[in-house]
Amino acid sequence: MEKQSVSAPANVAIEDAPDFPDKLRFTCGACGKTGKYHPGKVALDPAALKSGGGDCAERAFSCTGYFRCRHCGADGPWHFPPLTTLHFLGLVLEAVTSPERRKIYLGKFALFDGSCFHYPTEGEQYLKSLIEKDPGNSFLWTRLGNLFRNGGRPDLAEGPYRKALEVNPDDLEARYLVGAILIERGKKKKAAPYLQEVLLRARDAEHMDRDLRRKTVGAALLGLTEVCEEIGGGIDILPGGREKALAETRSGGGRGLRRYDLSNQEGVEAACSAILGERPPTAPIGPPPEPAPSSAPSSGPRRLNPRQLAPARSTPPRNAPCPCGSGYKYKNCCGRGERR
């Protein structure tokens, strides 16, 4: 990987951005008290650093971790103690000279429409202003939930996801994510109906981005597989009669989803195709081939989107939220091709 200059945007893939490993010290501008907070993923904008000034590190900084002042509850503004500023300058030097060891990304974070923010609380305020103008927009409610979930606060994310379903019952992404949160809380039986409805509604959700729809269906299939394996009787991929109807509608064979080997990526893809009616389903496929070497990172300036982030050097636990920011479990998202 080529070395980067601070004046140029990083020439690395967005998916390589890592989580910052430590808590950082921030001083609350509202009450003046300093505390340690986990910033999630961290980015520094080279253009702001180049502009200079004593507050250049503060102007360059952005993160995905959601936090408020533990003393007064304010969402900022935040200031850096002198040692934090020096720490960041050292991190920039490390990111430029040793990209393989970097803990930050040289760039900035953006929301779905390209709006940039320094802290998730700023993104929260912006999304809520959009929702106030269009409260019936389920897409905006789901984006707000994703901002909380990517910021490490699934407890705050569930409310917006449920609101998205209230205004649009066909929002597959929000429906899946409610189920995923319930699974994380150990409420697997309560999660199953949400995941089942994703499969039943998927083919009619033609308004949804094709890749996101397919990814959501695959994640719901694997989530239901996990529920079935851990709970046993009383839960199935789909309730009997509805599974038969789905199979007859999608494939004409009426053999249901049990014919697919959901333990590997090819089987999941075949089942997704059958559910979505994209092509005739194929027979179960054996273990997946060894992964091909990763392609070289793309070049040119890119904005950092928290929904597309994944760790560069380590594999998270299978049941952990996927670092790409999709809101799915790792094994149901970017880790779907890995063997169990």
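The values are calculated or read from the model by the stated rules, or taken from the named source; none is laboratory data. Everything numeric in this text was worked out from a predicted model, so none of it was measured. Cβ placement follows ideal geometry from the backbone for every residue including glycine, while neighbour counts extend to all protein chains displayed. These accessible areas exclude ligands, DNA and RNA; they are computed on the full protein's heavy atoms, side chains included. Shrake-Rupley method; radii C 1.70, N 1.55, O 1.52, S 1.80 Å.
For this structure, a couple of remarks:
- Test: residue in segment 3-22 that is modelled with pLDDT of 90 or more and either assigned to a loop (DSSP other than H, G, I, E, B) or more than 21 Å from the chain's Cα centre (by Cα) (or both): no
- Pair list, Cβ < 6 Å and 6+ apart or interchain, from segment 145-162 residues that are closer than 14 Å to residue 64 by Cβ to residues that are of a type in the set (Lys, Arg) and open to solvent by 10 Å² or more (accessible area, probe 1.4 Å): 157/149
- Total residues in segment 173-194, condition surrounded by fewer than 20 Cβ atoms within 10 Å (Cβ to Cβ) and of a type in the set (Ser, Thr, Tyr): 0
- Residue 256 vs. criteria modelled with pLDDT of 50 or more and more than 20 Å from residue 335 (Cα to Cα): yes
- For segment 29-41, the set of residues classified as of a type outside the set (S, T, N, Q), surrounded by fewer than 21 Cβ atoms within 10 Å (Cβ to Cβ) and either over 25 Å from the mean Cα position of the chain (by Cα) or not in a loop (DSSP other than H, G, I, E, B) (or both) consists of 29, 30, 31, 32, 33, 35, 36, 37, listed by residue number.
- Checked against (1) open to solvent by 70 Å² or more (accessible area, probe 1.4 Å); (2) at positive phi; (3) modelled with pLDDT of 85 or more, residue 204 passes all but a single condition, namely (2).
- Looking across segment 224-236, just one residue is open to solvent by less than 70 Å² (accessible area, probe 1.4 Å) and either on the phi > 0 side of the Ramachandran plot or modelled with pLDDT of 90 or more (or both), and that is 232.
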